[in-house]
Amino acid sequence: MSAGVMHSAKTAVNLALTPPKHGGDLAYWQRKVGNEALNWLDLSSACNREPWPVPSIAPELWMNLPDQTALLDEGERYFSRRPSAVGAGSQHIIESLPPLLREYQETDNSTVCVPRIGYQEHAFAWKKWGYDVVYYDDLAELVTLDWAVAVVIHPNNPTGEWATSEMLSTLIAHAEKTGGCLVVDEAFIDPCPERSVLRLYQDAPLSEAVFVLRSVGKFFGLAGARVGFAFCAPRWQLALKNLMGPWPVSTASLHLVCLALADVSWQAQALQALQVRQTAFVERIMPKFNTIFDSQDSVLNPLFITWYLDSEEYAAKVFEMLHHVGIHTRLGDGWIRVALPALAEMDALNSALIRLLKTAGSQTQGFSRGQLA
């Protein structure tokens, strides 16, 4: 079939939708609360709290137009596959996929399946471009559904859920059979690169049914650099690059991320440090959060820990109480996510949690919902 045919099954494009609220939004709380919030320990972002150390850069990098070649070369070494495109963060690629597939995908199906809990910009991007978004709770549901696109966040933020290689292979085969596309967002996968869907292909070309997104914002802690990578089959590459434009990433960011990907010694040290920090967190900090949240229903990720609480109301109340001792977390619908602190932050966090527990009532054994009423 020929490409480039607009499918009438999609509804009209609507770029006037209200965007979803983002993350912990510390700046919002600083404006709302005032100077008090300037000193909060910000654990709302799941980016690495011990980021790659950014060096000073030559002034001429701000004068030269960007050239992606060096970063693509280094990316090929780091990912074991040459990136198909570089964008202004994986968000830029998320924004580009709906118009790309609306124009070129050879199906009249307008259904896009996204996880009910996960990065909300996925759903929002497809809605803007006239797709019908359907939410799923379990990856196994996708095998039974008919979709034009399915989004898998691997691992999911904030649920921490991983897709097995068997499930990924099954979903790719399902997409190939039905003319669909599987979008795999691997923004948090760098601490466990062996689990990437890219490893399913080794030296083989990627399936035309697969898009893989990678980011340097999480493991490297370089969210502000705004650099993301897309991996896809040759069929899509030229159109994707054209959608993103000739210079989507600044020269300075290209240079810094190239250095970060090449810094093998820092990467090895960072992986080891994550394990040390998680062990310290589990032993010293986690029991206090378990008590404060009145929940041990949690999931550990190398970069964050998410707790599920009994109700949205209770989660909101505990979120507010943590503010009283200077701790800012990520509040969701009945869940709270806490970034893995830097090792140097553990003592301050531990002391703050002890103060909160004492304030709640030192004579009681638990920090129950009743104490927050």
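From zero up to wherever the largest Cα-Cα distance of the stretch 272-355 sits, split into 5 Å bins and tell me the percent of pairs in each.
Reading upward from the zero bin: 3, 15, 29, 28, 18, 7, 1, 0.
Apply 1/(1 + (r/R0)^6) to the Cβ-Cβ distance of Y135 and N350, taking R0 = 35 Å, and write down the FRET efficiency to the nearest 0.05.
Numbers: r = 38 Å, r/R0 = 1.07.
Computed FRET efficiency for Y135 and N350: 0.40.
About the Cα centre of the stretch 134-197, how large is the charge dipole given +1 on each Lys and Arg Cβ and -1 on each Asp and Glu Cβ? Please answer in debye to the nearest 20.
140 debye
What full-extension length gain, to one decimal in nm, is calculated for A204 and S56 as 0.36 nm per residue of separation minus the Cα-Cα distance?
49.4 nm
Which cross-chain or sequence-distant (5 or more) residues have an amide H under 5 Å from the amide H of I153, H modelled 1.01 Å from N in plane?
Correct list: D185.
Work out how far the C-alpha atoms of the stretch 50-93 reach from end to end along every principal axis, then list the three figures in whole Å, largest first.
31, 30, 22
Fully extended, how many nm does the chain gain between V276 and C192 (0.36 nm per residue separation, minus their Cα-Cα distance)?
28.7 nm
Given a cut-off of 28 Å, name the pairs among K288/K317; K10/K218; K127/K317 whose C-alpha atoms lie farther apart than that in the structure shown.
With Cα atoms farther than 28 Å apart: K10/K218; K127/K317.
Express the relative contact order of the chain as a whole percentage, based on alpha carbon pairs under 8 Å and six or more residues apart in sequence.
Relative contact order comes out at 22 percent.
Using the beta-carbon distance between L38 and V13 and R0 = 41 Å, what value does 1/(1 + (r/R0)^6) give for FRET efficiency, to the nearest 0.05?
It comes out at approximately 0.50.
Calculated from DSSP H runs of 4 or more alone, at -39500 (n - 2.57) each and per residue, what is the 222 nm mean residue ellipticity of the chain, nearest 500?
Working: 11 runs with 134 residues, N = 373.
Result for the chain: -11000 deg cm²/dmol, rounded to the nearest 500.
Give the value in nm², to one decimal: projected area of the alpha carbon convex hull of the stretch 1-149, averaged over all directions.
Quarter of the Cα hull surface area: 14.3 nm².
With each pseudo-label sitting 7 Å past Cα toward Cβ, what's the D146-Q296 distance in nm, one decimal?
A separation of 4.7 nm, rounded to one decimal place.
No value in this document is a laboratory result; all are computed from the given coordinates. Please read all numbers here as calculations on a predicted model, not as lab measurements. FYI the Cβ positions are ideal-geometry reconstructions off the backbone, even for glycines, and counts take in every protein chain you see.
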